[in-house]
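The values are calculated or read from the model by the stated rules, or taken from the named source; none is laboratory data. Bear in mind the structure is a predicted one, so any value in this text is a computation, not a measurement. Counting neighbours? That spans all protein chains shown, and the Cβs are built from the backbone with ideal geometry, glycine included.
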């Protein structure tokens, strides 16, 4: 009997009790993880607001949870006008920036920094920008030029000033060409170019050609410096005119020769959507510095405008080279960066290569720390424990730009890569998905992933593009080869406030006809953009 | 080493597009959207502005999305009895009484007993709804019912 008791006692002490202790520890650990999560699983499984009805051969209409059905989409800046709120326009945005500047005792001399390959680094205060753009706009207005064209990179120093001159002045339109126009563009009065581009520009007829890097002038050609040296015009004054909101201050012709015009409302709704899309306690603030590295990407306007309207700083560059971008991060210490997928892939690969060279205890320790961080992210917990370089000390958020329906190998970014990027940079990452620049037509991205969505997918064949932005609503329509009923898979159709207007009667007619195919009422099919909705309301490519 | 790392720090993965995933089977999964086009009195009832925020009303067999008129047809509105129902008889008789609105478990009203002036009034209301609210489908009898 005593023998059985002693066996029982040994089992109790050495098997049962440790097992029970381990079980209790596991429960406590599980509860601890749950309490530390940035977002609960239930919220991640309901990321879209889905309409209660749908048409046959289509999915229901999907919206972002922040703009549910029954409430309006984000349409603008919500400027208070007596008892009403209005959407506002680019001149309202400009007025806010000038008013902010006037209130400051010591205005910053570097609200906007442009890393321009031609002019070098340009530091600009708001008053400098205002003076330069006013000089440009008063020159154009004085000579009665209304459409100003250029083939400069969109966010280069000179192109930025031309854009802002047209945005802040009623009746001016900036026509941006990604490639040189081969035929005479309609309505373009002035073409701005570098001296090296002059031969191409002179093949077509313009009322005036402005050469940036030359001081010599001749008939029909003036230098940039000549315009800038004109006397400074009077201060900016803005009185609201409702007609302005639907006028076109910007137009772009893509490399596929598609031209779209963009209204003031397109710009302000893109800006407002960017401001409102970040969660509480992580909003854009005046302490933020945003670095945009896609200098020719139309969809970056929203970030540029949003950063300035909240009082922050902007750094503009045009590079996808990791070394160049890293040098800018080191130089300016931005809190938010907007990069393309190539930078993310290179950062992760570069980290892997560095770690593979290491050996011994340090390498094993680093590997263990990274595994723990990835484990925490997969449980929905943000951690900065695996940050490897001081380069990213100030970085809190990375916008990763993905262009849909492109065959770029760098766009094979998996959810595991993204998690690793979050871990080693200690930065949150939001993927934004837009149309390729050659397609154009949208002033904002279409999809964006949730700020807190760190989930790792069990397959790399699918890619989570997130939910539709706050200014758009979206549905899928049936196409051959995809099952709309069972899989919710089809071709994307969108409507909303950041969709540009095709330029010219012919293009407009084609767009109208395309829209009628998918039900009219403002719907616009995105040909070739296909994918499926998951049970979580997110759109999946692949 | 890799095995130990996976044991200590397992990575949780998810597949939100798998048809047999936990999320698909979850009771929290959103209900499937109804295909616009055909409503039975039972499926129409849900769109009463209370069970679902949308307000659908049937007039002479055509279903209108009256969500924009929530102040009239929504909960606490003067015509809330019509929301999610066939409002034809009520509109024809100019009556908001629940007795003139058939419930979801009753057959669709054939309106054969309406007087000419009542039919005329109903036609007027139908025109009004067509001008004001989008059509989302037709009201059809429940399968198996007469």
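Quick notes on this structure:
- All strands (runs of 3 or more DSSP E) inside the stretch B:1-75 with 1 or more residues being in contact with a helix residue (DSSP H, G or I) (Cβ under 8 Å, 6 or more places away or on another chain), under 30 Å from residue A:489 (Cβ atoms) and modelled with pLDDT of 75 or more: B:56-59, B:62-65
- Taken as a whole, the condition of being assigned to a loop (DSSP other than H, G, I, E, B) and farther than 26 Å from residue B:18 by Cα applies to residue A:439.
- Selection of the stretch A:356-381 for residues being in contact with a helix residue (DSSP H, G or I) (Cβ under 9 Å, 6 or more places away or on another chain) and either away from chain B (no Cβ under 14 Å) or loosely packed, with under 15 Cβ neighbours inside 10 Å (or both) yields A:356, A:357, A:358, A:363.
- Any pair with Cβ under 6 angstrom, 6 or more apart, that starts in the stretch A:35-53 at a residue that is more than 7 Å from chain B (Cβ to nearest Cβ) and on the phi < 0 side of the Ramachandran plot and ends at one that is part of a loop (DSSP other than H, G, I, E, B) and surrounded by fewer than 20 Cβ atoms within 10 Å (Cβ to Cβ): A:36/A:381; A:37/A:381; A:38/A:382; A:38/A:452; A:39/A:452; A:49/A:65; A:49/A:68; A:49/A:69
- Filter pass, residue A:88 being in contact (Cβ under 8 Å) with a residue 24 or more places away in the chain and either in contact with a helix residue (DSSP H, G or I) (Cβ under 6 Å, 6 or more places away or on another chain) or farther than 23 Å from residue A:239 by Cα (or both): yes
- Options A:445, A:402; residue that is in a loop (DSSP other than H, G, I, E, B), closer than 18 Å to residue A:538 by Cα, more than 14 Å from chain B (Cβ to nearest Cβ) and touching a helix residue (DSSP H, G or I) at 6+ places or on another chain (Cβ under 7 Å): A:445
- Among the residues listed as A:325, A:329, A:337, the single one being modelled with pLDDT of 95 or more, within 21 Å of residue A:430 (Cβ to Cβ) and not in a helix (DSSP H, G or I): A:337
- Set side by side, the residues A:488, A:461 differ, and just one is within 14 Å of chain B (Cβ to nearest Cβ) and surrounded by 21 or more Cβ atoms within 10 Å (Cβ to Cβ), which is A:488.
- Members of the stretch A:26-44 that are surrounded by 13 or more Cβ atoms within 10 Å (Cβ to Cβ) and more than 24 Å from the chain's Cα centre (by Cα): A:33, A:34, A:36, A:37, A:41
- Listed here are the strands (runs of 3 or more DSSP E) enclosed by the stretch A:182-245 that have at least 3 residues being under 32 Å from the mean Cα position of the chain (by Cα): A:190-193.
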